[in-house]
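Just below is one structure, and these are the notes that go with it.
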Amino acid sequence: MTDHTHALREAADEYRREVERAKEIRKQADEVQRQASDKLSAVMRTAYAAGLKKAAILRATNHVWSRTWLDRAVEPQDKPDPTA
């Protein structure tokens with residue numbers, strides 16, 4: 001095996017390892033983001049249930065989420081079917 005072939009194999013092996021490591025890091029980051037999102041939703045629901053208006057919640061969170069996402073967070077998830 002030539003020096004170039006050996007260097008190419010080593011570089012390719014390192015690349016594969018780094019790609020796998022990056023996949024794991026992304027998976028961990030996704031989980032951290034999901035947990036933070038769940039916590040923010042819970043705090044928004046609590047504030048809304050305590051009477052804070054949606055506009056005030058958006059201001060307090062520096063508009064980290066849009067009004068649409070805020071609506072999804074604070075509205076009941078088990079809405080009754082209006083056609084039933």
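The values are calculated or read from the model by the stated rules, or taken from the named source; none is laboratory data. All of these numbers come straight from a predicted model, not from anything done at the bench. Positions of Cβ are generated from backbone atoms using ideal geometry, with glycine treated the same way; all protein chains shown enter the neighbour counts. Ligands, DNA and RNA are stripped out before the accessible areas are found, and what is left, the full protein with its side chains, is counted by its heavy atoms. Shrake-Rupley method; radii C 1.70, N 1.55, O 1.52, S 1.80 Å.
Before moving on, here are some points about what is shown:
- Filtering the stretch 28-68 to residues that are touching a residue at least 12 places away in the same chain (Cβ under 8 Å), over 17 Å from the mean Cα position of the chain (by Cα) and surrounded by 14 or more Cβ atoms within 10 Å (Cβ to Cβ) leaves Arg45, Ala47, Tyr48, Lys54, Ile57, Leu58.
- Complete set of residues in the stretch 13-27 that are more than 18 Å from the chain's Cα centre (by Cα) and open to solvent by less than 90 Å² (accessible area, probe 1.4 Å): Asp13, Glu18, Val19
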